[in-house]
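Read the structure below first, then the notes.
The values are calculated or read from the model by the stated rules, or taken from the named source; none is laboratory data. Given the structure is predicted, the values throughout are model-derived calculations rather than measurements. Counting neighbours? That spans all protein chains shown, and the Cβs are built from the backbone with ideal geometry, glycine included.
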Amino acid sequence: MSTWIGIGRSETGLVRASNQDAFAVIDSAGMWAVADGMGGHVGGAVAAQTAIATVQAQAAFSQEQLRSGTSPIDVLTALISRAHEAILAQARSQPKLKGMGTTLVLLTVIPDQTSMAYVAHIGDSRAYRFRAGALTPLTRDHSLIEKYLERGILTPETAKTHPERHVLTRALGVTATVAPTIAGCAMQEDDLVILCSDGLTKMLEDQDIHQVLCDGDPSPAGACDRLIAAALDRGGEDNVTVVVVACR
């Protein structure tokens, strides 16, 4: 039977003064996540850490629900709602945190059913699958730019420099309710799933990520280190967080 092993790493980068990203690697519960906070020097970090703390606190219970046959979509929707409410509660209790929010991308597998994984996301933190030398995006950003691209208002080339390219349409903690996008994806042995904050994708195009994954050590640790090093080599303009999960 296949097993899943993940490793994560987060770097402040070469420009930012603090790191507002956070991540979770919970192999025992089949759950991995990356969050990228927003809302100022303090607020962004608190929002991301709160989301990840919620994932960590609920991971074992979520695994039990999945084992009992509860729909993965229901399990992940409930988990993300808890994270959202936790961030809102923090902001209500501490006025200086008002307006904080975070992205979240989360991967989970159903215990004993490792041929299928589920990815939930809010915002522009992303998930990719790397299989037999091919890179496949598993998420589409919740952003104005993505909406413009869908409607044909912009081309992929003009989108790269558009002034609204970093404006999100969804995030945890910034609206009364939250609506994650959740999808299942078939997995095979030797697949890698890459979760990342936009500190990676600001610096590297998809083809760059693909090339980095094709070159060198294919282990989760090797892939994680090379991706972060590549983002820093390109300028490291934002916090960069990568979690790589392998199906073995």
task: Kindly check whether there is at least one residue in region 43-53 that is closer than 18 Å to Thr177 by Cα and among the β-branched types (Val, Ile, Thr).
output: yes
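Could you tell me how many of the residues in region 189-248 are assigned to a strand (DSSP E or B) and under 24 Å from Val109 (Cα atoms)?
Restricting attention to region 189-248, the residues satisfying the condition of being assigned to a strand (DSSP E or B) are 192-196, 240-247.
Narrowing the set further to residues that are under 24 Å from Val109 (Cα atoms) leaves 192-196, 241-247.
Count: 12.
Answer yes or no as to whether Arg82 is at pLDDT 95 or above, over 21 Å from Ala176 (Cβ atoms) and not polar (S, T, N, Q).
Judged against the criteria, Arg82 is not a match.
Identify all residues within region 73-108 that are outside any helix (DSSP H, G or I), within 15 Å of the chain's Cα centre (by Cα) and either closer than 20 Å to Ala246 by Cβ or small (Gly, Ala, Ser) (or both); write none if there are none.
Step one: filter region 73-108 for residues outside any helix (DSSP H, G or I), giving 94, 98-108.
Keeping just the survivors that are within 15 Å of the chain's Cα centre (by Cα) gives 101-108.
Correct list: Gly101, Val105, Leu106, Leu107, Thr108.
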When Arg131 is run through (1) of a type in the set (D, E, K, R); (2) at pLDDT 90 or above; (3) out of contact with any Leu (no Cβ under 9 Å at 6 or more places or on another chain); (4) within 30 Å of Arg248 (Cβ to Cβ), the failure sits at (3)
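Yes or no: Val46 out of contact with any helix residue (DSSP H, G or I) (no Cβ under 8 Å at 6 or more places or on another chain) and within 19 Å of Ala57 (Cα to Cα)?
On the way: out of contact with any helix residue (DSSP H, G or I) (no Cβ under 8 Å at 6 or more places or on another chain): no; within 19 Å of Ala57 (Cα to Cα): yes.
Judged against the criteria, Val46 is not a match.
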Flagged in region 14-44 as crowded, with 23+ Cβ neighbours inside 10 Å and not in a strand (DSSP E or B), in numbering order, are Gln20, Gly30, Gly39, Gly43, Gly44
